[in-house]
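Student: Structure below; questions to follow.
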Amino acid sequence: MTQIKDIFIASDHAGFEYKTKLIAFLKAEYSITITDLGCSSEASVDYPVYGRLVAEHIKTPDQFGILICGSGIGVSIAANRFKHIRAALCHTVEYAKLARLHNDANVLALGSRMLTLHETQDIIKVFLETDFEKGRHEKRVNQLSNF
């Protein structure tokens, strides 16, 4: 399993309830530092702010992010604006596995209105416990940071 030191997690208002429950899940399952970057309620907020916060906090390969909004699309777009971020919107465990194996994704984007809480937990486990395969994928992943 990839050695993960920190997880930065954030959501907009649509993902607030899941974020709160997922933080408890992560703390129960893993001995990793979990940092909640907001939001702090179900009051309407702008998802790009939280995508940016997570992206700016990730500085090393052993730091990962989890972002949640209603669909997962907005937060993934926001995070992927940063060269060092490879945010993957995952709606299945298979997507999460491939995002890590082939793309070395370091941010997981989830849609709270698209998935059950149990599905998000399964997706997170696979995402965090799958290593990057390297090999032929390394060249491609490096190309992503050079656009």
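Student: Does the range 128-138 include one or more residues that are closer than 27 Å to His13 by Cα and of a type in the set (D, E, K, R)?
Tutor: no
Student: I'd like to verify a number: residues in the range 1-19 that are surrounded by 16 or more Cβ atoms within 10 Å (Cβ to Cβ), of a type in the set (D, E, K, R) and closer than 17 Å to Arg113 by Cα, how many?
Tutor: Total meeting the criteria: 2.
Student: Now for a separate question. Condition first: in a loop (DSSP other than H, G, I, E, B) and either among the acidic types (Asp, Glu) or within 19 Å of Asp104 (Cβ to Cβ) (or both). Now tell me which residues in the range 45-71 satisfy that.
Tutor: Listed by number, the residues that qualify are Asp46, Ile58, Lys59, Thr60, Pro61, Asp62.
Student: Whether any residue in the range 30-44 is of a type outside the set (Asp, Glu) and in a helix (DSSP H, G or I) is what I want to check.
Tutor: No, that holds for no residue.
Student: Could you say whether any residue in the range 100-112 is more than 16 Å from Thr130 (Cα to Cα), modelled with pLDDT of 95 or more and of a type outside the set (A, V, I, L, M, F, W, C)?
Tutor: yes
Student: Of all residues in the range 97-115 being assigned to a loop (DSSP other than H, G, I, E, B) and free of Cβ contacts under 8 Å to residues at least 60 places away in the same chain, which is farthest from Glu17 (Cα to Cα)?
Tutor: Residue satisfying both the conditions and the ranking: Asp104.
Student: For the range 18-34, how many residues meet the condition of being out of contact with any strand residue (DSSP E or B) (no Cβ under 9 Å at 6 or more places or on another chain) and not aromatic (Phe, Trp, Tyr)?
Tutor: Count: 5.
Student: Pick from the range 20-40 the residues that are more than 18 Å from Ile58 (Cβ to Cβ) and among the aliphatic types (A, V, I, L, M): which of them is surrounded by the most Cβ atoms within 10 Å (Cβ to Cβ)?
Tutor: Only one residue tops the list, namely Ala24.
Student: Residue pairs, Cβ under 9 Å, 6 or more apart or interchain, first in the range 128-147 and of a type in the set (A, V, I, L, M) and surrounded by 14 or more Cβ atoms within 10 Å (Cβ to Cβ), second at pLDDT below 90 and in a loop (DSSP other than H, G, I, E, B). List them.
Tutor: Leu128/Met1; Leu128/Thr2; Val141/Lys134
Student: If you don't mind, another one. Taking only pairs six or more apart or across chains, which ones have beta-carbon atoms under 7 Å, a first residue in the range 74-86 that is closer than 20 Å to Lys97 by Cβ, and a second residue that is part of a loop (DSSP other than H, G, I, E, B) and of a type in the set (Gly, Ala, Ser)?
Tutor: Within 7 Å, the pairs are Arg86/Ala105.
The values are calculated or read from the model by the stated rules, or taken from the named source; none is laboratory data. For clarity, every value in this text was computed on a predicted model and none was experimentally measured. Please note: Cβ atoms are built from the backbone with ideal geometry, for glycine as well, and neighbour counts cover all protein chains shown.
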